[in-house]
Amino acid sequence: MERALYRIIDANFNRSREAIRIIEEFCRFALNNGPLAARAKQLRHELCSAIDKLDASHLIGSRDTLGDVGIETTVDKQFIRNNLKDCFKAGCKRLTEALRTLAETTQTLNRPVAETIEKLRYDAYTLEKDIVLISEPAEKFKRIGLYVIISSNLPADVISLAHKCIAGGANCLQLRAKNINDDTHFALAEEFVKTCKAANVISIINDRVDVAVACGADGVHLGQNDLSAEQARKLQMTPLITGKSTHSLEQLQGACQEYPTYVSLGPVFPTVTKPSAEPVGLDYVRQAIEKLTDTGIGNVAIGGITLDNIEDVLNAGAGAIAVCSAVTEAKDPTTACRKLKEKIAAFHKKTTL
Ligand code: TZP
Ligand code: MG
């Protein structure tokens, strides 16, 4: 029986390491997310150290791959993976199954090792959750080219502008309603979200995570004095896009600790929408984008962006472009969106050639 015990431990040790590798590679190469990849790597190392405490010669000595009766047993759809996400999901399930088996079987040989593996099983559940809650909003945000901020409290204006921006090809709309009662804000946000959802456009609520969650918005945009992205995620019912405003490298460093889906960088240029805010210029955009490399955090440049300067902002490396007045003050917001979108599309076409 001892031989069988070591065979099970050997097989499940291999199985769990292989599963962690898939998870790690998904974080590293699909999400470009250094911190999540590092957590998977840490889990793999802790598992190896725990198993190292067992008798290695017994483990390898008991291995009998050719004599394994389970090798030819397969079930329907066992190896069907349609995309990388399927591989990641299957890896997570395989990992916790293997860790559970390891925790139970190692108990008979070495209790402290079994306790460590049990802790790793819980770490694996949390890592899976964090990867899903961070990667789903990140994937959604990646598709955004043009992000329009609708800064108004007036329902008729907000909804009419939303329709016009959608017609012009905006990929994401933000409702920025200030000095408004909560009940009025909620009713407006609900209508706004409904309009965006019908057009498959991402909806973001400014400042208020409670309103964003209650009305089913895709995300919330948080200022420096609002709740942190980490606090906002505690209130989410489904994976929420969390955005954070930054105006300096110091604020950017603080924002990265909260792990938002994206940071806004600006105001890049002087803006009538926020006249008191000091412009940060294109240098800040360039420097911030360099700092964000391999963090998995997206970015959107904002403030004073128009058809005349959008190419400079894209050349500085901005991932997405946010505008307010260039669209909402335009005589024809639909055409204004369309022209901005054309510049974004032309830029991406040029850089991917
Ligand atoms: N935050 C930084 S600049 C800005 C906000 C909300 C306003 C951007 O508006 P505009 O009209 O596109 O300059
Ligand atoms: Mg705010």
Point-to-point label distance, residue 190-residue 58, nm (Cα→Cβ direction, 7 Å offset) = 6.4 nm
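Quantify, in whole percent, the carbon and sulfur part of the accessible surface of the chain (1.4 Å probe; protein heavy atoms only).
Using a 1.4 Å probe with all protein chains present, the chain comes out at 52 percent carbon and sulfur.
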ask   = Once label points are set 7 Å from the Cα along Cα→Cβ at both residue 272 and residue 183, what is their separation, rounded to one decimal in nm?
value = 3.5 nm
query = Which one of 80, 297, 150 has the biggest mean-square fluctuation once the chain is modelled by GNM with Cα springs under 10 Å?
reply = 80
task = Distance check, please: which entries in 291/349; 234/291; 164/350; 164/341 exceed 23 angstrom between their Cα atoms?
result = 291/349; 234/291; 164/350
ask   = For the range 30-105 and the range 338-353, what is the separation of their Cα centres, given in Å?
value = 43 Å
request  = Could you check which residue among 83, 309, 12 shows the biggest mean-square fluctuation in a GNM of the chain with a 10 Å Cα cutoff?
outcome  = 83
Computed accessible area, residue 41, all protein chains, 1.4 angstrom probe, square angstrom = 100 Å²
ask   = Given labels modelled 7 Å from the Cα in the Cβ direction, how far is it in nm from residue 17 to residue 224?
value = 4.9 nm
query = Once the chain is represented by equal point scatterers at the alpha-carbon sites, with solvent omitted, what log10 I(q)/I(0) does the Debye formula produce at q = 0.14 Å⁻¹?
reply = -1.07
key: Probe 1.4 Å, accessible area per residue of the range 187-328, Å²   = 42 Å²
task = Leaving ligands, DNA and RNA out of it, work out the accessible area of residue 71 with a 1.4 Å probe and give it in Å² to the nearest 10.
result = 90 Å²
task = Rank these residues by their accessible area, most exposed first, probe 1.4 Å: 182, 218.
result = 182, 218
inquiry  = Taking a ≥ b ≥ c as the square roots of the Cα gyration tensor eigenvalues, with a/c under 1.5 meaning rounded and otherwise prolate when a/b beats b/c, else oblate, which class fits the range 139-184?
reply    = oblate
request  = At 1.4 Å probe size, with no ligands or nucleic acids counted, give the accessible surface of residue 290 in Å², nearest ten.
outcome  = 140 Å²
The chain, helix-only ellipticity at 222 nm - DSSP H runs n ≥ 4, -39,500 (n - 2.57), divided by all residues, nearest 500 = -18000 deg cm²/dmol
note = If the chain between residue 2 and residue 48 were fully extended at 0.36 nm per residue, the gain over the current Cα-Cα distance would be 14.5 nm
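The values are calculated or read from the model by the stated rules, or taken from the named source; none is laboratory data. In this text, all values refer to a predicted model and were calculated from it rather than measured experimentally. Positions of Cβ are backbone-derived with ideal geometry, glycine not excepted, and every protein chain shown enters the neighbour counts. Side chains included, ligands, DNA and RNA excluded: accessible areas come from the protein's heavy atoms. Shrake-Rupley method; radii C 1.70, N 1.55, O 1.52, S 1.80 Å.
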